[in-house]
Every structure is written in structure tokens, then in C-alpha cells.
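Below is one structure, written out as C-alpha cells; the observations come after it.
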Amino acid sequence: MGTPNYREYVVDSNLRPVGYQQIISPSASIGLVLPTDKPPPRIAVIQVLSQNVRWRDDGNAPTSSVGMQLAVGNDILYTGDLDTIRFIEESAGAEININYYS
């Protein structure tokens with residue numbers, strides 16, 4: 001596992017936080033559960049803890065060895081289609097934290 005890539009985010013004043021989600025041990029491919037009680041989210045900050053995960057957003061499910069790797073301690077600012085991104089852990093015990101912004 002590589003060195004964590006911690007970044008400091010400054011949320012644009014045009015964006016509003018609209019939700020949070022935590023995914024624990026995604027042993028099967030899983031998508032996001034988007035908040036529905038506020039404006040729809042447009043952006044997600046996705047952080048991985050404990051174990052590496054894989055993700056895909058091309059309509060196919062990732063596997064524990066196929067997909068874009070997101071290493072422990074790293075994060076992505078995802079601005080794509082939030083309905084299509086899916087995750088799976090490489091090893092048991094992964095934790096994914098997601099903040100949503102509109």
C-alpha cells in the first residue's frame with residue numbers, strides 16, 4: 001500500500017453539502033445511495049480507509065482485481081455520473097466515506 005495522498009479541499013461557495021454516505025466492506029460491487037431530500041448532488045468527495053478498493057463508472061462492475069484502484073488514505077473528487085460509479089474492496093475490511101455536494 002502506498003503513501004496516503006491527503007489533500008485539503010476548499011468547497012466552492014457555489015456548492016452546498018447535501019449528504020454523506022459510508023460504505024463498509026463492499027465485498028460485492030456496490031453503487032452510491034444518493035440523497036433525495038435535498039437538491040441532487042453533482043459532485044462527490046470519495047475517501048478510502050482500511051483496504052484498497054476498485055471502482056468503475058463505465059456500466060460494468062469492478063472486481064477485486066479489475067477497475068481503477070483507489071488506495072487506502074487516498075481520495076477522489078468525482079464529477080462524473082454519480083448513478084454509474086460502483087465500488088468493490090480488494091481485501092476484506094474496506095471503508096469508503098463519501099460527501100455529496102450540489
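The values are calculated or read from the model by the stated rules, or taken from the named source; none is laboratory data. Because the structure is predicted, anything quoted here is derived from the model rather than measured. Counting neighbours? That spans all protein chains shown, and the Cβs are built from the backbone with ideal geometry, glycine included. Remember, those area values only see protein heavy atoms, side chains included, never the ligands or the DNA or RNA. Shrake-Rupley method; radii C 1.70, N 1.55, O 1.52, S 1.80 Å.
Listed conditions (1) open to solvent by 60 Å² or more (accessible area, probe 1.4 Å); (2) modelled with pLDDT of 95 or more; (3) over 18 Å from residue 99 (Cα atoms) are all met by residue 56, apart from (1). The residue that is surrounded by the fewest Cβ atoms within 10 Å (Cβ to Cβ), among those in region 61-71 that are in contact (Cβ under 8 Å) with a residue 24 or more places away in the chain and out of contact with any Asp or Glu (no Cβ under 9 Å at 6 or more places or on another chain), is 63.
Given the criterion crowded, with 18+ Cβ neighbours inside 10 Å, under 21 Å from residue 13 (Cα atoms) and out of contact with any Leu (no Cβ under 9 Å at 6 or more places or on another chain), identify the matching residue among 74, 99.
None of the other options fit; the residue is 99.
Residues of region 83-102 that are touching an Asp or Glu at 6+ places or on another chain (Cβ under 9 Å) and aliphatic (A, V, I, L, M): 85, 96. Selection of region 58-93 for residues being touching a Gly at 6+ places or on another chain (Cβ under 6 Å) and within 15 Å of residue 26 (Cβ to Cβ) yields only 86.
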